[in-house]
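S.K.: If you scroll down you'll find the structure; I have some questions about it.
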Amino acid sequence: MTTLKRAKRTVMALAAMTFCSGSSFAEKIELTAEDGKTAQMVASMVASRHINHPQIDDALSEKLLKRYIEVWDPQKLYFLQSDIDEFSTEKTSLDDKILKGDVQFAVKVFERFKLRMGERSEKIGALIDADHDFSVDEEITRDADELPWAATEEELTERWRKRIKFDLVM
């Protein structure tokens, strides 16, 4: 294994272990009544004090859903289309839930992200160590907005393979 490969593998492995093994990350999130009250208070403040005075409604709910998913998976490397479809069933109810102090959706998305990240981390090391044929003419879409969500684990694995190969070249 070349020194560059070894260094990249070490850095990625350390990052994954740090991210996955931290006690606060590995533990299941337990919500309290205070979390709900905080959400209600923030929603009220946004509606009354934000410069635009946005309405907390279904339109805002859809924007919140999209933004929250982008926060956790901006490059579309973890969530599957089935996850997005499941999350989207709540796209017009998030506003109502937040106003009632129900923030369980945020936990649901975060827990799914942790699950998907764990699944990916098991495969990343093998992809880094794999022999890559740099003579093959391949393309990688670097702008995630141009990509659909992967429908299968295999599609995600292929995205990761190309991304790792690209990173090794760089």
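The values are calculated or read from the model by the stated rules, or taken from the named source; none is laboratory data. These figures come from a predicted structure and were not determined experimentally. For neighbour counting, all protein chains shown are included, and Cβ atoms are generated from backbone atoms with ideal geometry for every residue, glycine included. Side chains included, ligands, DNA and RNA excluded: accessible areas come from the protein's heavy atoms. Shrake-Rupley method; radii C 1.70, N 1.55, O 1.52, S 1.80 Å.
Table: residues versus (1) out of contact with any Leu (no Cβ under 7 Å at 6 or more places or on another chain); (2) among the basic types (K, R).
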residue	(1), (2)
A47	yes, no
P54	no, no
K66	yes, yes
V103	no, no
V109	yes, no
I128	yes, no
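S.K.: Find the residue count for region 33-46, including only residues that are among the hydrophobic types (A, V, I, L, M, F, W, C) and open to solvent by 70 Å² or more (accessible area, probe 1.4 Å).
M.R.: Counting residues in region 33-46 that are among the hydrophobic types (A, V, I, L, M, F, W, C) and open to solvent by 70 Å² or more (accessible area, probe 1.4 Å) gives 4.
S.K.: Got a sec? Which helices (runs of 4 or more DSSP H) wholly within region 23-109 have at least 2 residues that are modelled with pLDDT of 85 or more and of a type outside the set (S, T, Y)? Walk me through it before giving the result.
M.R.: Working: elements: 23-26, 33-49, 58-72, 81-88, 94-100.
Passing ranges, in order: 33-49, 58-72, 81-88, 94-100.
S.K.: If you don't mind, another one. Taking the options D167, D145, name whichever one is open to solvent by 50 Å² or more (accessible area, probe 1.4 Å), touching a residue at least 12 places away in the same chain (Cβ under 8 Å) and in a helix (DSSP H, G or I). Outline the logic, then answer.
M.R.: Working: D145 fails: touching a residue at least 12 places away in the same chain (Cβ under 8 Å).
On inspection, the qualifying residue turns out to be D167.
S.K.: Could you list all residues from region 84-108 that are among the polar types (S, T, N, Q) and in contact (Cβ under 8 Å) with a residue 12 or more places away in the chain?
M.R.: If the condition is that a residue be among the polar types (S, T, N, Q) and in contact (Cβ under 8 Å) with a residue 12 or more places away in the chain, then S88, T92, S93, Q104 are the ones that fit.
S.K.: Could you list all residues from region 118-141 that are charged (D, E, K, R), outside any helix (DSSP H, G or I) and in contact (Cβ under 8 Å) with a residue 24 or more places away in the chain?
M.R.: E138
S.K.: Please determine, by comparing only the residues of region 58-81 that are in contact (Cβ under 8 Å) with a residue 24 or more places away in the chain and open to solvent by 50 Å² or more (accessible area, probe 1.4 Å), which one is farthest from L94 (Cα to Cα).
M.R.: Checked region 58-81; the qualifying residue farthest from L94 (Cα to Cα) is Q75.
S.K.: Go through region 99-115 residue by residue and tally those that are of a type in the set (A, V, I, L, M, F, W, C) and more than 21 Å from the chain's Cα centre (by Cα).
M.R.: As a first pass, look at region 99-115 and keep what is of a type in the set (A, V, I, L, M, F, W, C): 99, 103, 105-107, 109-110, 113, 115.
Checking which are more than 21 Å from the chain's Cα centre (by Cα) leaves us with 99.
Number satisfying all stated conditions: 1.
S.K.: Now for a separate question. Could you give every pair whose Cβ atoms fall below 9 Å, whose first residue belongs to region 150-163 and is open to solvent by 60 Å² or more (accessible area, probe 1.4 Å), and whose second residue is modelled with pLDDT under 95 and in a helix (DSSP H, G or I), counting only separations of at least 6 or pairs across chains?
M.R.: R163/L127
S.K.: Quick one: is R49 open to solvent by 40 Å² or more (accessible area, probe 1.4 Å), without any contact (Cβ under 8 Å) to a residue 24 or more places away in the chain and closer than 28 Å to L115 by Cβ?
M.R.: The answer is no for R49.
S.K.: Here's a follow-up. Could you list, in sequence order, all residues of region 34-93 that are under 20 Å from the mean Cα position of the chain (by Cα) and among the hydroxyl-bearing types (S, T, Y)?
M.R.: Of everything in region 34-93, those that are under 20 Å from the mean Cα position of the chain (by Cα) and among the hydroxyl-bearing types (S, T, Y) turn out to be S61, Y68, Y78, S82, S88, T89.
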